[in-house]
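Data block below; observations after.
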Amino acid sequence: MQVSQITSDDTTVAAYKVVVPAQDVATAITEKLTEYGKGATVAGFRKGKTPLNILQKRYGDAVLKEFINTTVQKSVEDIAEENDLRVAIQPSVNITSAGAGEKLEFDITYTLLPEIKLTDIAKLKLTTITAKVDDSQINTYIEYLARQSRETNTVNRPAENGDMVVIDFNGTIDGKPFDGGSASDHNLELGSESFIPGFEDQLIGAKAGDSKIIAATFPDDYQTPQLAGKQAVFACTVKQVKQFGAAVIDDNMAKKFGVDNLDILRQGVRQQFANQFAIETRSLVKKDIMDAFDNTYKFDIPKVMLDQEFDDMWTQISKAREQGELDAEDVDKSEQQLKDEYLVLADRRVRLGLVLTQMASEWGIEVSKDDVNRAIMQEARRHPGQEAQIFEYYQKNPQVMQQLRAPLLEEKVIDAILQRADVTEKQMSGEEIQSLMDTEHTLAKEATAKKIANKKATAKKANAKKTTAKKTSAKKASAKKTTAKKISAKKTGVKKATTKKAKAKKASTKSAKSA
């Protein structure tokens, strides 16, 4: 077997050519067939006495395929180990010769992890936020729950603001039905502003049995882009009018939500707020960490990894566009604008993922089997009654289970960073946290736009430099050609002058002889 490295200007890959001479392939196949023939039973021959040529006809292709697979796999592993390659993803193999009686020749291309020198995490300054859950927030939510749990009584009178009406409705836009535009036995509280503006107001005064045609316009910033700003017509039938009872906050109200008393309900609400704030503050400190790393770690990432990440992201974006589920801020962007933005995000995601992987490697952080099982169990709890199916799904799909490891590893590394960094704690209210998140979102969009602009400017500069280089090269070539012509002309002139001089000299000599 002959192994040679294929040179390349790309430092993120290492390519090798492997050649197994035809004679070596034939010898290996013969040995395998001979070994197999010892136990093979072929009609017309005694066990172990089947001629090699018969074995070749019957099993040759399968043995050759097995030899190729084994040789390729072993070569992939051995070359990586012998050359200390830091392989990022599964290498690609291109077989260029593998027929019967031929040499086995194939190329292996390894995508390499870039060399990353970690900075001193102790110098990283971070602020972690502890959310303060105010009693006023809890009281407001308890009041909301009390309103949700109010008793209702059917009344025989026109609907008033604050009543509940039970309605059937069918909505159309330009005479055509639209998704989510129809429902039966829908409970609607008038004045709740849960429907589009103008809809609820037109039902005030309606009685049970009334039919009404309601025209209303979706807001320009409506969450479903294809409906935003559109005028719809709804054919409504009022089936019942109900009057709400008083919103009573007591132990009986708490029992409607599955707890024994109001104190336990309040504790549950407080914990719910605390959990939600913890998720939000965690995302804020993670963003601070990632932003710091994005500014610190600058290196080229393997193109194949960038392309793969971008393709995965773009598949999701394309699906969202088709289904009208794009974020409102992305709806009016062209396909090229979206591609520019998500290419920047893909680059960031891959680069920072490599940084976190390097940290995990140097700090000895791993994801255990127990970690994965806990994550599956947590996922199963989100689907009550389907726990067994969730576990079975992961057991039958190891690749899906493997996908759980990346976010688990990321969270472990983030924890390790917070233990090593210079961390300051700060307490904020829920409103302050939300305001901070909105600000961070705006800053992130501005940062992405700046990166896109810089990338385009760099590309433009590179193209200008390339164009200048071409012009300079062409100018030099033209000058060289002109100089060559001048030299050639000069030589021709000298030659002509020499010839003329020689002829004159010859004529002079001849004349002298004649004289």
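Name the strands (runs of 3 or more DSSP E) wholly within segment 152-241 that hold at least 1 residues that are within 30 Å of residue 325 (Cβ to Cβ), open to solvent by 60 Å² or more (accessible area, probe 1.4 Å) and in contact (Cβ under 8 Å) with a residue 12 or more places away in the chain?
Numbers: elements: 152-154, 164-173, 176-189, 211-217.
Answer list for segment 152-241: 164-173, 176-189, 211-217.
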Does residue 364 satisfy the condition of being of a type outside the set (D, E, K, R) and on the phi > 0 side of the Ramachandran plot? yes
I need the full set of residues from segment 330-352 which are open to solvent by less than 30 Å² (accessible area, probe 1.4 Å) and either in contact with a Gly (Cβ under 7 Å, 6 or more places away or on another chain) or in contact (Cβ under 8 Å) with a residue 40 or more places away in the chain (or both), in order please. 344, 346, 350, 351, 352
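When the residues of segment 95-132 are filtered to those that are part of a strand (DSSP E or B) and of a type in the set (A, V, I, L, M, F, W, C), which remaining residue is surrounded by the most Cβ atoms within 10 Å (Cβ to Cβ)? Break it down stepwise before answering.
Of the residues in segment 95-132, the ones part of a strand (DSSP E or B) are 95-97, 104-112, 125-132.
Applying the additional criterion that residues be of a type in the set (A, V, I, L, M, F, W, C) yields 95, 104, 106, 108, 112, 126, 129, 131.
On the way: 95: 12, 104: 24, 106: 20, 108: 20, 112: 17, 126: 16, 129: 19, 131: 20.
Among them, the one singled out is 104.
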Count, please, the residues in segment 242-261 that happen to be farther than 30 Å from residue 205 by Cβ and touching a residue at least 60 places away in the same chain (Cβ under 8 Å). 4
Can you tell me which of 324, 385 is on the phi > 0 side of the Ramachandran plot and either β-branched (Val, Ile, Thr) or open to solvent by less than 60 Å² (accessible area, probe 1.4 Å) (or both)? 324
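Output the number of residues of segment 248-262 satisfying the condition of being more than 47 Å from the chain's Cα centre (by Cα) and either aliphatic (A, V, I, L, M) or assigned to a helix (DSSP H, G or I) (or both).
Let us first name the residues in segment 248-262 that are more than 47 Å from the chain's Cα centre (by Cα), namely 248, 250-252.
Next, only the ones that are either aliphatic (A, V, I, L, M) or assigned to a helix (DSSP H, G or I) (or both) stay: 248, 251-252.
Counting residues in segment 248-262 that are more than 47 Å from the chain's Cα centre (by Cα) and either aliphatic (A, V, I, L, M) or assigned to a helix (DSSP H, G or I) (or both) gives 3.
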When only residues in segment 366-382 that are of a type in the set (A, V, I, L, M, F, W, C) and touching an Asp or Glu at 6+ places or on another chain (Cβ under 9 Å) count, which is most open to solvent (accessible area, probe 1.4 Å)? 377
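Only one residue in 124, 113 is at pLDDT 95 or above, closer than 30 Å to residue 414 by Cα and out of contact with any Leu (no Cβ under 6 Å at 6 or more places or on another chain), so which one is that?
On inspection, the qualifying residue turns out to be 124.
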Within the bounds of segment 7-27, is there any residue that is open to solvent by less than 60 Å² (accessible area, probe 1.4 Å), farther than 28 Å from residue 90 by Cα and part of a loop (DSSP other than H, G, I, E, B)? no
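This table checks each residue for (1) open to solvent by less than 50 Å² (accessible area, probe 1.4 Å); (2) among the small types (Gly, Ala, Ser); (3) farther than 23 Å from residue 3 by Cβ; (4) not in a loop (DSSP other than H, G, I, E, B).
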position	(1), (2), (3), (4)
33	yes, no, yes, yes
40	yes, yes, yes, no
43	no, yes, yes, no
53	no, no, yes, yes
63	yes, no, yes, yes
66	no, no, no, yes
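The values are calculated or read from the model by the stated rules, or taken from the named source; none is laboratory data. For clarity, every value in this text was computed on a predicted model and none was experimentally measured. Counting neighbours? That spans all protein chains shown, and the Cβs are built from the backbone with ideal geometry, glycine included. To get the accessible areas, we keep the full protein, side chains included, count just its heavy atoms, and leave off ligands, DNA and RNA. Shrake-Rupley method; radii C 1.70, N 1.55, O 1.52, S 1.80 Å.
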